[in-house]
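Structure record follows, encoded as structure tokens.
The values are calculated or read from the model by the stated rules, or taken from the named source; none is laboratory data. Worth saying up front: this structure is predicted, and the values here are computed from it rather than measured. Glycine also receives a Cβ, built like all others from the backbone with ideal geometry; neighbour counts cover every protein chain displayed.
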Amino acid sequence: MVKPRKSATGPHRRSWLRGAPPPRWVRVLPVLLLVGVGAASLTESAPLDIGFLLGAVPPLAVLAYGPLATAFLGAATIGLLTIPFFHLNQPGNTDLFTLGFVATLSVFVSFVRGRRDEQLDLERTVAETAQRAIVPDVQQRVGPVRCASLYRAAERGTLVGGDFFDVRPGPHGVRAVHGDVQGHGLSAVATVASVLGAFREAVLDDVDAEAIAARLDRRLVVDSARTEHAELFATAVFLDFMPHGREVRVLACGHPPPVLLRGGTVSILEPDPGPPLGLGLADVMPGTAATVSLLPGDLLLLASDGVLETRDASGAFYPFVERLARMTGVGLDRLPDEIWADLSRFAPKIQDDVTLLILTLDASGPG
């Protein structure tokens, strides 16, 4: 079962001014204004000079209604002005012609807005589908490994940035990767797609983390050669879960090492670091994977620079390990959201991609 990726919250949430459906108060406002003017006119026996307020009804209707509803509200506005029963000052011909023109123009604008919204919705759906194909949601279980993840892209309106992660089964065990390519936002998506494509192929062929790292390094070197001054590189952590037993091999290539949550303690694993990928050094001076024995209930947490290098208003870095020590009792499924909520409270503005990948070995389950 795949856990759907949650939409971003806080500053990343798409507002109605950026394409989301309008809130209820926007839909109610033109109707409320129309009813309010009509009700106010009936409470007074003398004509009221408030008919000018009705000129705002058709433009307000454009924000939330289609052409038919906008036309109906425009006709109701003209009717309210011209029916003597409502005790409004009788408008002149110029006022009626002006209001009729505004209502007609509002219907046309509503029609154009509706067509544009349909096109934007289609383009957004295509873009989201393409981005989810690049970095799909991680399954809750991959073989004996249970997984939880979080992805918050820095660039507003996107699902994918410069961070990446994936967990895949293969003939040599379950393999996981978590990394960060040069840059972030849409400009880094092509590099992310190339890196993850090479990783998914390597899981089926290469026998260890060092070989996988070397393959991704060559992939980036080849991609850089196609573009002048490209200088593509990435940092990554690779995890090899052994097919049998409770051991995992950890290889860090220029990326922050994993954090181990064991009981009520938090510790940082320190494997022999390898060079970042894309520099052509993986075959020359590869890092050495460290073997870690896992106990039941141990959690391995991989976090991006967007977590570790986030600063508060005073410029202090987010104390990740210290904050994580307070969350050791939180379950695997809730932990990513707890960390994100704590990070959002700590920093006034998060400007980098934020990704978390949390893994635990659970050989008792299916797979």
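Observations on the structure shown:
- Qualifying residues in region 350-367 (those that are surrounded by fewer than 18 Cβ atoms within 10 Å (Cβ to Cβ) and either small (G, A, S) or within 15 Å of the chain's Cα centre (by Cα) (or both)) - the one modelled with the lowest pLDDT: G367
- Counting the residues of region 264-294 that are over 31 Å from the mean Cα position of the chain (by Cα), small (G, A, S) and closer than 23 Å to G245 by Cβ gives 4.
- Annotation note: of S267, S314, the sole residue that is free of Cβ contacts under 8 Å to residues at least 12 places away in the same chain, assigned to a strand (DSSP E or B) and polar (S, T, N, Q) is S267.
- Qualifying residues in region 255-272 (those that are surrounded by 13 or more Cβ atoms within 10 Å (Cβ to Cβ) and over 18 Å from D166 (Cα atoms)) - the one modelled with the lowest pLDDT: P271
- The requirement of being more than 28 Å from T191 (Cα to Cα) and modelled with pLDDT under 75 is fulfilled somewhere in region 94-114, by at least one residue.
- Considering region 334-349, the residues that are under 16 Å from P319 (Cβ atoms) and in contact (Cβ under 8 Å) with a residue 40 or more places away in the chain include one that is surrounded by the most Cβ atoms within 10 Å (Cβ to Cβ), namely I339.
- Filtered residues of region 270-280 (kept if in a loop (DSSP other than H, G, I, E, B) and closer than 18 Å to V177 by Cβ): P271, P273, P275, P276, G278, L279
- Within region 39-67, restricting attention to residues that are surrounded by fewer than 18 Cβ atoms within 10 Å (Cβ to Cβ) and within 20 Å of F97 (Cα to Cα), the residue that is modelled with the highest pLDDT is P59.
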